[in-house]
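Novice: This is the structure I want to talk about, given as structure tokens.
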Amino acid sequence: HATTIEEITHLGNQLTIPVIDDLGSGCFLNTADYGLAPEPMVQQTVAAGAGLICFSGDKLLGGPQAGIIVGKKELVDRCKKHPLARAVRTDKTRIAGLSATLLHYLKGEATTTIPIWRMIAATPEELGKRAEAWAEALGDKADVIDGESMVGGGSLPGETQPTKLVTFGSHGKLSASTVQAIAGKLRNRSEMPVVGRISDGMLIFDPRSVLPEDDDVMIQVLKETAADLL
């Protein structure tokens with residue numbers, strides 16, 4: 001049995017010891033709804049009565065990089081008075097970014113506006129249509145195959161989602177040196193570098209990692225780079 005935050009806070013209340021929960025990811029949506037392992041959500045820990053909850057402003061929250069502390073007023077006030085609070089206080093630009101991000105959650109539009117959640121919420125059907133469009137534009141050197149998207153980061157290590165991948169060089173269509181050359185040229189672009197991964201002699205791109213409004217630019221970059229080297 002894994003001890004729950006409710007059990008820990010109950011014990012803390014009995015012993016008059018404040019409970020601090022370091023959540024890390026700052027998750028506000030149920031990851032299990034998207035075929036991923038359940039990730040503790042901020043609102044669950046708040047409801048459980050933890051004294052302080054620490055989490056990131058980026059990661060699964062999807063805002064600018066920052067550290068956030070919420071909890072009981074008297075404990076938060078003590079944190080604010082600590083000498084380190086001034087040294088690590090955030091700036092107005094990050095506060096503006098966090099405010100904009102959190103408003104998307106309040107409006108119920110996180111999965112259609114916040115990039116990380118747009119990517120997580122993308123369905124295999126949507127990704128398949130985009131992958132086919134990429135491959136068609138790139139010609140006979142490109143193929144579409146089944147694959148897995150790695151959510152990664154410090155939030156969901158090892159967790160994957162089904163996706164469709166666009167590949168260069170599958171079935172021996174390109175030499176290993178050509179695949180490496182295309183990958184290198186894409187990475188080293190002065191404007192909008194594109195980073196793919198090489199596996200089994202193929203250069204692979206996952207549409208889940210590119211927002212739909214960037215598809216046209218992505219296709220154009222791939223076509224130009226491939227044309228220079230093929």
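Novice: Check segment 128-141 and report whether any residue there is within 20 Å of residue 226 (Cα to Cα), of a type in the set (Phe, Trp, Tyr) and under 24 Å from the mean Cα position of the chain (by Cα).
Specialist: yes
Novice: A further question follows. So, in segment 200-220, how many residues would count as being part of a helix (DSSP H, G or I) and under 23 Å from the mean Cα position of the chain (by Cα)?
Specialist: Counting residues in segment 200-220 that are part of a helix (DSSP H, G or I) and under 23 Å from the mean Cα position of the chain (by Cα) gives 11.
Novice: Then there is this: Got a sec? Which of 101, 111, 93 is of a type in the set (Val, Ile, Thr), under 30 Å from residue 53 (Cα atoms), more than 20 Å from the chain's Cα centre (by Cα) and in the same structural domain as residue 25 (by TED's automatic domain parsing)?
Specialist: Result: 93 is the single residue among 101, 111, 93 that is of a type in the set (Val, Ile, Thr), under 30 Å from residue 53 (Cα atoms), more than 20 Å from the chain's Cα centre (by Cα) and in the same structural domain as residue 25 (by TED's automatic domain parsing).
Novice: When you look at residue 165, is it surrounded by 15 or more Cβ atoms within 10 Å (Cβ to Cβ) and modelled with pLDDT under 90, yes or no?
Specialist: So residue 165 fails the test.
Novice: Please indicate, with yes or no, whether at least one residue in segment 109-123 is at pLDDT 95 or above, farther than 22 Å from residue 31 by Cα and touching a helix residue (DSSP H, G or I) at 6+ places or on another chain (Cβ under 9 Å).
Specialist: no
Novice: Could you list all residues from segment 202-226 that are surrounded by fewer than 16 Cβ atoms within 10 Å (Cβ to Cβ) and over 28 Å from residue 114 (Cα atoms)?
Specialist: Passing the criteria: 223, 224.
Novice: Look through segment 1-51, keep the residues that are among the aliphatic types (A, V, I, L, M) and closer than 27 Å to residue 149 by Cα, and return whichever of them is surrounded by the most Cβ atoms within 10 Å (Cβ to Cβ).
Specialist: 23
Novice: Filter segment 91-111 for residues that are among the polar types (S, T, N, Q) and touching a Pro at 6+ places or on another chain (Cβ under 9 Å); which is surrounded by the fewest Cβ atoms within 10 Å (Cβ to Cβ)?
Specialist: Among residues in segment 91-111 that are among the polar types (S, T, N, Q) and touching a Pro at 6+ places or on another chain (Cβ under 9 Å), the one surrounded by the fewest Cβ atoms within 10 Å (Cβ to Cβ) is 93.
Novice: Limited to segment 127-182, what total is found for residues that are acidic (Asp, Glu), in contact (Cβ under 8 Å) with a residue 60 or more places away in the chain and assigned to a helix (DSSP H, G or I)?
Specialist: Residues meeting the conditions: 0.
Novice: Let me ask something else about it. What's the total number of residues in segment 30-50 that are part of a loop (DSSP other than H, G, I, E, B), without any contact (Cβ under 8 Å) to a residue 40 or more places away in the chain and within 26 Å of residue 85 (Cβ to Cβ)?
Specialist: Looking only at that region, the number is 1.
Novice: Right, next: In segment 120-154, how many are of a type in the set (S, T, N, Q) and surrounded by 22 or more Cβ atoms within 10 Å (Cβ to Cβ)?
Specialist: So the count comes out to 0.
The values are calculated or read from the model by the stated rules, or taken from the named source; none is laboratory data. Being a predicted model, the structure only gives us computed values, none of them experimental. Here Cβ is always computed from backbone atoms with ideal geometry, including for glycine, and neighbour counts include all displayed protein chains.
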